[in-house]
Amino acid sequence: MDKLAKFVKKYSTFIIIFVLLITVVMGYFALQINIEAGIKDMLPENNKVVTKYDEVQDTFGGMAFAAIMIEDEEIIDTSTLKKIERMSSELKNIEGVKEVKSLTNIDKIESSAGGIEVNQFIKEIPNNKEEVQKIKDELLSRDQYLGKIVTKDFKSTMVLAEIEDRDKPEKIVNKIQKSVKNYKGPEKIYITGSPVMVADATDYMKNDLKKLLPFVIAAMVVILYLSFRSLRGVLLPISTVLISVIWTVGLQAIIGKPLSLVSTVLPVLLISVGTAYVIHIVARYYEELKNGYDVELAIENSIKKVGLSVIMAGGTTMIGFASLFFSDLVIIKDFALGTAFGVGVALLTSIIFIPAVLYKLKTPKHFKAAEKRAFSTNFFKGINKIVRYRRKGIIIIVLLIIALASWVLPKLEPNTNYIGYFKKNSPTRIATEKVDNAFGGSQSLNVVVNGNIKNPDLLKRMRDFQDEIENVKAVNNPMSLVTLFRQENRALNNDKPEEEIIPTTQNQIAQYLLLLEMSDKELLESYLTFDYNKSLIQMNMKTMSSVKQKEKVAEIRSLIDKHFGDKYKVELTGIPELGNEVTDLVVSGQIKSLISAILFTFVITSLLLKSMKKGFFCALPIALTVLINFGLMGWLGISLDIATVMIASIAVGIGVDYSIHIFTRYLEEKEKQENEVLSLEKAIFTVGRANLYNAIAVIAGFSIILLSSFPPLKTFGGLTAITMVISFVGALIILPSLIMSTIKIKNGNLNKNNKN
Amino acid sequence: MRKTKTFISVLILSILLLTVFFSVSVMAKMTGEEVLDKVDEEMDSDSRDFILDMTIVNKNGQKRDRKITIKTKGENKGLVKFLEPGDVKNTALLTREENGEENMWLYLPSIGNVNKIASHSKSGNFMGTDFTYNDIDMVGGSNYKKDYESELIGEEKINGDLCYKLSAVPTKDSINYSEMKMWVRKDDFMPLKLKFYDKDGKLHKIMTNKNYRNIDSHLTPETIIMKDEQKGSKTILELEEVQYNIELANRIFTTRYLTRN
């Protein structure tokens, strides 16, 4: 620390220029940061589920689509149909839109003059009532459209825009949304589908960043002003945390790590956590000035005396964040690296850049920070009393909380469903519910059957499987070659509805395929590979909670087993499968990162305090905090998701600071004076105050995340703020109570021994 | 006087020579339409009977092999029949142009049914290949002039053979191209390469004719490759047996005959 203080003094000008220069460069890159909200972006690149999804997407395409639902009193009329026709062709012209399927351009395999044709279902928009009625009658007789492209009551219809699988589907979606807007009224239009959700989420993320940053900066300004009552007391810490945010975002941009759903809170988090470090340095600086030192000595003393504790506190915070790296989810890994790096920057800026700037400034006129305030003094007196006289009550409460929390732990459920990222009344959610209700789901689930389709046995199994899927609730509209063959056979047999049956011999299948190949090659290729060896069964799935979704997918898996058994290899993929994988990784990641966070903290504190017992003491309140966090989640019905899964590790990283401060000060005081009880009291009064300001800044920061547009992030902000309160209280009341109890027990034993 | 006479004879001779030279150069400089005429003339035949191997290769290099026969009579009758693979054997397609209207029937032996197919399929894929029905018409050497209007735009060498280069525009709505470029060998008026451009003017397909052979005094390419530059797929046709100007009864080109094997 001595060397560091001298280094800062000698090179202050260089340090200031260097830091500002890097900040400018990083700022340039930070402005180019990408935002990504896709489900695939959450999962590791070589993940099996992702690979399978990509394979199926490459083979058959058509897994990413915007579902545009049009609702009106009457869909089948001239004006609405014309509108749909115009909209379909406008959407088709958008670059990146591969295909548009709507009522006005869907194909029909039909018989004509004793033959067969693949034609548009509606060849011409009807002009009068009779023509309208004719279309309605025909729709009612064709299962392949009802509930798929139009509802039975003719009040809703679907326009499906298939989007090319690219890196940035949001831009295509935004163009679609813009184009669709012009067609609203009197018809209502709703848009959803996975790429739309991702695009909407990206928009919300941008808004969140714009909205939350000013708020958190304002909150920090207020807290800093109340602490220091001076301009530099506000500006210096704020510049520090902004530097750390700019460097972090800049670095992420340079190494190509985009901001994700969870890292939207990264700037807010860095600002509130980073502010705490500067508070310690600047406060000490003012204190030293008040003690009569000149500027140079005051700075030197601040670095020497507070520098180490700030490094310790920041180090454990970095470890807490870094422990999230053990998660298997890419976005949480990136978040771990980003926050750990950002905290490191804030830490170094606090002890190097800030003192360097202070060297260049004149002595401040007043330094109220060090003055005592009546309120906080009374607060700490109260705490001291509790620790001394209500110890047993505290321990009983703690045991009670442990019991209550453990009771609900098994009830904790993961829920990572993408729709959960949107508020209940958000347009995205409303649209998804509408589509789910009218058309049986907006998520596409895909079953790929391996085996030569010309084999009648395989085709028969596919038919039986597909027919049974029709009876599965919340899974709808299975489409495959079976559907095409049935239509083909009907068309070949004078359009009799009872002729919707599949071919039964190899030759028949081969010839039906040849006919389809000649009539509409693209249609065939979206369900069958070129070598006839892979067929796709596509179905829609409603949006539901992750747990239910897993059960639903398991139900479909058991149907696959029932119908295909070991005879054919059958794969299942789709957005729901990606979602299930996220859920699994959330849970496995939670366990790994939590264990590693607590373990690392225990090891670090044990090493620093040179005793496993002392390390255990520091880790205990934080373990309790984590337990209470999960208990709260259980009792409040909050599920584990990509955001709440991070709370435990963050609580460990930040929360342990309070315990470290109290415990080290207690040990320091104990060396000075023999009386353990008085040492503890001294620790509560001195470090407790710094802890309080520190905690207020961090709690305020996390509370601001409550303003986020994403329900999981709101929950995350609120819960983390609560865990900060708990770990603060834990360090100030529970840890001292434990220490006090051990002192009493030890003394009691001594007394007993003396009596004997 | 004598001098004048000599002058006049020289003048006349010069004019004569110039005229001959001029007419020779005019003869060499054919128009696009004339080149197409010659192509059609060289390939013209009243009837044809081909057996060909058809290999369809998709963009991933996967292949489908088929063997078909094509019989044509006059300009308006055609019959395509599958020989291989076994599961589509005898599946057949009949085309007939009557009163300016194109009619197509398909026979599926497995259901013993003859089906009429929409005529707009003409610009659709021929049997799932990269050829349209219209393209396949040209393979046997049908009337280029009937469907295209062409212009000579230069001369270029293709694999060492000097060729006329034509730019042709379709005259029928049913042809889905905006332009066709064609390289015709000067020696024998055989088309070596054809490039087809889509309605947006982008290159769509390239057809290459290879290994011309003289069969019944008709030059016939043994290998024809159609490559779809946009989709990355291609179709290779290998002519196995070729017969020209043979007797083909009219009844072969009826729906009733379709169902006979």
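The values are calculated or read from the model by the stated rules, or taken from the named source; none is laboratory data. Note that the coordinates shown come from a computational prediction; the quantities given were computed from them, not determined experimentally. We place every Cβ from the backbone using ideal geometry, glycine too, and count neighbours over all the protein chains shown.
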**Request:** Give the number of residues within the stretch A:449-477 that are in contact with a Leu (Cβ under 9 Å, 6 or more places away or on another chain) and of a type outside the set (S, T, N, Q).
**Result:** 11
**Complete:** The residue from A:Thr605, A:Thr601 that alone is in contact with a Gly (Cβ under 6 Å, 6 or more places away or on another chain), assigned to a helix (DSSP H, G or I), under 23 Å from A:Ser323 (Cα atoms) and at pLDDT below 85 is A:Thr605
**Asked** Which of (1) among the small types (Gly, Ala, Ser); (2) at negative phi; (3) not in a helix (DSSP H, G or I) is the odd one out, the single condition A:Ala298 does not satisfy?
**Response** (3)
**Request:** Please state which one of A:Pro258, A:Pro237 is modelled with pLDDT of 85 or more and farther than 27 Å from A:Asn417 by Cα.
**Result:** A:Pro237
**Complete:** Across (1) over 26 Å from A:Thr416 (Cβ atoms); (2) touching a residue at least 12 places away in the same chain (Cβ under 8 Å), A:Ser79 clears everything bar (2)
**Asked** What number of residues within the stretch B:88-108 satisfy the criterion of being assigned to a loop (DSSP other than H, G, I, E, B) and either facing another protein chain (nearest Cβ under 7 Å) or hydrophobic (A, V, I, L, M, F, W, C) (or both)?
**Response** 1
**Asked** From the residues in the stretch A:199-219 that are within 25 Å of the chain's Cα centre (by Cα) and under 25 Å from A:Gly314 (Cα atoms), which one is surrounded by the fewest Cβ atoms within 10 Å (Cβ to Cβ)?
**Response** A:Pro214
**Message:** It is to be established whether one or more residues within the stretch A:549-564 are surrounded by fewer than 16 Cβ atoms within 10 Å (Cβ to Cβ), within 14 Å of chain B (Cβ to nearest Cβ) and among the polar types (S, T, N, Q).
**Reply:** no
**Request:** Considering (1) at pLDDT below 90; (2) more than 15 Å from A:Leu212 (Cα to Cα); (3) crowded, with 24+ Cβ neighbours inside 10 Å; (4) of a type in the set (Val, Ile, Thr), say which one A:Val698 fails and leave the rest.
**Result:** (2)
**Request:** Identify, from the list A:Tyr666, A:Tyr693, A:Tyr658, the residue that is crowded, with 24+ Cβ neighbours inside 10 Å, of a type in the set (Phe, Trp, Tyr) and assigned by TED's automatic domain parsing to the domain that holds A:Ile397.
**Result:** A:Tyr658
**Prompt:** Which ones in the stretch B:133-158 are at pLDDT 75 or above, of a type outside the set (Val, Ile, Thr), exposed (fewer than 15 other Cβ atoms within 10 Å of the Cβ) and touching a Lys or Arg at 6+ places or on another chain (Cβ under 9 Å)?
**Reply:** B:Gly154, B:Glu155, B:Glu156
**Item:** Number of positions in the stretch A:632-661 that are farther than 14 Å from A:Thr316 by Cβ, of a type outside the set (Asp, Glu) and touching a residue at least 12 places away in the same chain (Cβ under 8 Å)
**Value:** 14
**Prompt:** Of all helices (runs of 4 or more DSSP H) completely enclosed by the stretch A:472-541, which ones contain at least 3 residues that are under 48 Å from the mean Cα position of the chain (by Cα), more than 8 Å from chain B (Cβ to nearest Cβ) and at pLDDT 85 or above?
**Reply:** A:481-492
**Residue that is nearest to A:Phe326 (Cα to Cα) [pool: residues in the stretch A:1-32 that are touching a Lys or Arg at 6+ places or on another chain (Cβ under 9 Å) and surrounded by 15 or more Cβ atoms within 10 Å (Cβ to Cβ)]** = A:Leu4
**Request:** Return yes or no: is A:Lys129 more than 14 Å from chain B (Cβ to nearest Cβ), basic (Lys, Arg) and under 38 Å from the mean Cα position of the chain (by Cα)?
**Result:** no
**Asked** Which of (1) within 31 Å of the chain's Cα centre (by Cα); (2) surrounded by fewer than 20 Cβ atoms within 10 Å (Cβ to Cβ); (3) modelled with pLDDT under 80 is the odd one out, the single condition A:Lys108 does not satisfy?
**Response** (1)
**Prompt:** For A:Asn507, which of the numbered conditions (1) closer than 20 Å to B:Asn58 by Cα; (2) free of Cβ contacts under 8 Å to residues at least 24 places away in the same chain fails to hold?
**Reply:** (1)
**Item:** For A:Glu674: the one exception among (1) over 20 Å from A:Ile726 (Cα atoms); (2) part of a helix (DSSP H, G or I)
**Value:** (2)
**Message:** Any residue at all in the stretch A:366-376 that's out of contact with any helix residue (DSSP H, G or I) (no Cβ under 8 Å at 6 or more places or on another chain), modelled with pLDDT under 80, part of a helix (DSSP H, G or I) and among the hydroxyl-bearing types (Ser, Thr, Tyr)?
**Reply:** no
**Message:** Within the stretch A:440-471, take every residue that is surrounded by 20 or more Cβ atoms within 10 Å (Cβ to Cβ) and within 14 Å of chain B (Cβ to nearest Cβ) and give me the one that is nearest to A:Ala510 (Cα to Cα).
**Reply:** A:Lys454
**Prompt:** What number of residues within the stretch B:72-87 satisfy the criterion of being modelled with pLDDT of 85 or more, more than 7 Å from every other protein chain (Cβ to nearest Cβ) and not in a strand (DSSP E or B)?
**Reply:** 2
**Asked** If we scan the stretch B:112-132, do we find a residue that is more than 11 Å from chain A (Cβ to nearest Cβ) and modelled with pLDDT of 75 or more?
**Response** yes
